[in-house]
Amino acid sequence: MYQYVFGANILENLTTGMYQDSRVIYREYIQNACDQIDKAERDGLLLRSEGRIHIWLDPDRRIITIEDNATGIPASDFQKTLGNIADSDKKIGEDKGFRGIGRLCGLAYCRELVFTSTAKGETIISTMRCNARKMRELIVANSKGEKHTASDVLHSINEFTTEDKANPNDHWFKVELVGINDANTDLLDFAQIKEYLSFVAPVPYINTFIFRKEIHKHAEEIKYNIDEYDITLNGEAVLKKYKTNFKTSKGDDEIFSIEFKDIRDLDGNLLAWIWWGVSRFKASINKDCQMRGLRLRKENIQIGDDDALQKLFKEDRGHHYFIGEVFAVAKDLIPNSQRDYFNENETRNRFERELKLYFNDELKSIYYGGSAINSAFDKIDNFAKKEAEFKEKEANGVFVDTAHREAELDEIKKAKSKAEEAKKEIEKKKQKADEKDNNVMGRLIERIETERTKKPHIVISAKPPEPDTTKDTKIPWRTDKLSNYSKKERKLISKIFGIIVTSTNKEIAETIIQKIEGELQNESKSVAH
């Protein structure tokens, strides 16, 4: 029978060519460790609370170590388990990984990849050393015509050894990436890797995130277990770094409550569920906010980047108004080999259809409505601000002439008209919100109104400011301050100021007028002396 040959290039596809982001090595090795912790729990070897995954970064020695206290690998199975490729015993829908290729990912980023393990009841420590540099050299040589099969390369780079020195009560597995490539120094950056793991790894929410209990409560209600593991980086706990406050293009915003959505198929089976934060939806969230977007997860491990689901929104910006997570539940939602999305099948198609409907109907109406409400309140505040500024200018004699005053008064009237329309719009939305149960828009309006009562703001008057005609009130004009000049001179200066005001914008006009006033006052002082 013909023996099929797998060329050396297949190893390149499974290592250097597999991932665009080198940091995924952490996700792959953590995923494998989590599967073994689950197995140790099923076998009665560990309680879930006893499982540990420790990651150590040693920038000076350029070594990354990832170690777990799960099942380990028996000495008799060690070479077969680690030496064979894509021959995993893991099961789709039960284990987080199942292809048996993830352990190879480290070969692209170091000089040597080392696996070490021992199983309970044994005294043997088994080690597999992979010469990653040699593998890359052989792949390059293969591309230049020096043909090698994948099997030739693996036999050439893999070395297996054993030592009889383990404690029979121990059970652990360790991965070491030795001699991290110069081009991959970022893999040793503690702050960057911890930030990455804080949203990618299957870890608990940080205890300062006040909505974590609500999220777990909803998961319990739908009988879903959020897989969470004890993972440390250089001894520090890795936790999901969600928080309530964040920045948008229009200022600070915060999550003040959360919403849930369960996605089901036609038979009522749970495909996925979502939690997302309700904020004021002032504007899209800043790009540098690590929480931004609805992150896709399977078994609580992130799938793809933070924008994996952005393509399901008709508008890219829609995704950037939200903070939350989408937990894929259905067994047939199977992560592809890069774990950047799911394999295409009918379940994925149904999943996408339901999410698109929810994203582009309900969520779109929410961020559009939130934007409109914020704009309406801004118009009300803008009128109040303009009115107050007008009164202050009039009291301080800032207007240069009647035309100047009338022009600004006309702006106030326009702002008032917009504010009145805005108030009507808010009332309409409040009325509509009252007609629905648990309506997000109603809570959003209530939140904004509550915030406004806590902050000093100007009450809108019923009418634009007008001079009090019942009293002999004289409006102070700008030129009144130039008392050293005659009435005729002040009238001329007023005309000049008026021309300046009508010829340019307010800021430039004010700057020019102030300079002229300064020169005139200095001249008056000189004459006086």
(request) State all residues of the range 37-81 that are of a type in the set (A, V, I, L, M, F, W, C), surrounded by fewer than 17 Cβ atoms within 10 Å (Cβ to Cβ) and over 28 Å from the mean Cα position of the chain (by Cα); if no residue qualifies, say none. (result) L47
(message) Can you say whether I255 is in contact with a Phe, Trp or Tyr (Cβ under 8 Å, 6 or more places away or on another chain) and within 30 Å of A70 (Cβ to Cβ), as far as the supplied structure shows?
(response) no
(message) If I ask for residues that are closer than 12 Å to F497 by Cα and aromatic (F, W, Y), which ones from the range 385-410 would you list?
(response) F399
(request) Scan the range 356-368 and give yes if some residue there is surrounded by fewer than 12 Cβ atoms within 10 Å (Cβ to Cβ) and either aliphatic (A, V, I, L, M) or at pLDDT 90 or above (or both), otherwise no. (result) yes
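For residues in the range 333-389 being in a helix (DSSP H, G or I) and among the basic types (K, R), which is nearest to H319 (Cα to Cα)? Write out each step before concluding.
Of the residues in the range 333-389, the ones in a helix (DSSP H, G or I) are 346-389.
Those still in the list that are among the basic types (K, R) too: 348, 350, 353, 356, 364, 379, 385-386.
Working: R348: 19, R350: 20, R353: 16, K356: 11, K364: 9, K379: 26, K385: 33, K386: 35 Å.
Once the filter is applied, the top-ranked residue is K364.
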(request) Within the range 270-308, count every residue that is in contact with a Leu (Cβ under 8 Å, 6 or more places away or on another chain), buried (at least 22 other Cβ atoms within 10 Å of the Cβ) and over 23 Å from K213 (Cα atoms). (result) 2
(message) All but one of (1) among the acidic types (D, E); (2) in a helix (DSSP H, G or I); (3) without any contact (Cβ under 8 Å) to a residue 40 or more places away in the chain hold for D186; state the number of the condition that does not hold.
(response) (3)
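Give I210, I222 a once-over and let me know the one that is in contact with a Phe, Trp or Tyr (Cβ under 9 Å, 6 or more places away or on another chain) and either of a type in the set (A, V, I, L, M, F, W, C) or closer than 24 Å to D58 by Cβ (or both).
Working: I210 fails: in contact with a Phe, Trp or Tyr (Cβ under 9 Å, 6 or more places away or on another chain).
Checking each option against the conditions leaves just I222.
Out of Y242, Y229, Y224, I need the residue that is touching a residue at least 60 places away in the same chain (Cβ under 8 Å), assigned to a loop (DSSP other than H, G, I, E, B) and surrounded by fewer than 18 Cβ atoms within 10 Å (Cβ to Cβ). Which one?
Values: Y242 fails: surrounded by fewer than 18 Cβ atoms within 10 Å (Cβ to Cβ); Y229 fails: surrounded by fewer than 18 Cβ atoms within 10 Å (Cβ to Cβ).
Answer to the check: Y224.
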(request) Looking for whichever is among the aromatic types (F, W, Y), in contact with a Leu (Cβ under 8 Å, 6 or more places away or on another chain) and more than 30 Å from N269 (Cα to Cα) here; the options are F399, F351, F390, F383. Which one fits? (result) F390
(request) Output the residues belonging to the range 319-342 that are of a type in the set (S, T, N, Q) and touching a Lys or Arg at 6+ places or on another chain (Cβ under 7 Å). (result) S337
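The values are calculated or read from the model by the stated rules, or taken from the named source; none is laboratory data. Nothing here was measured: the structure is a model prediction, and the numbers come from that model. We place every Cβ from the backbone using ideal geometry, glycine too, and count neighbours over all the protein chains shown.
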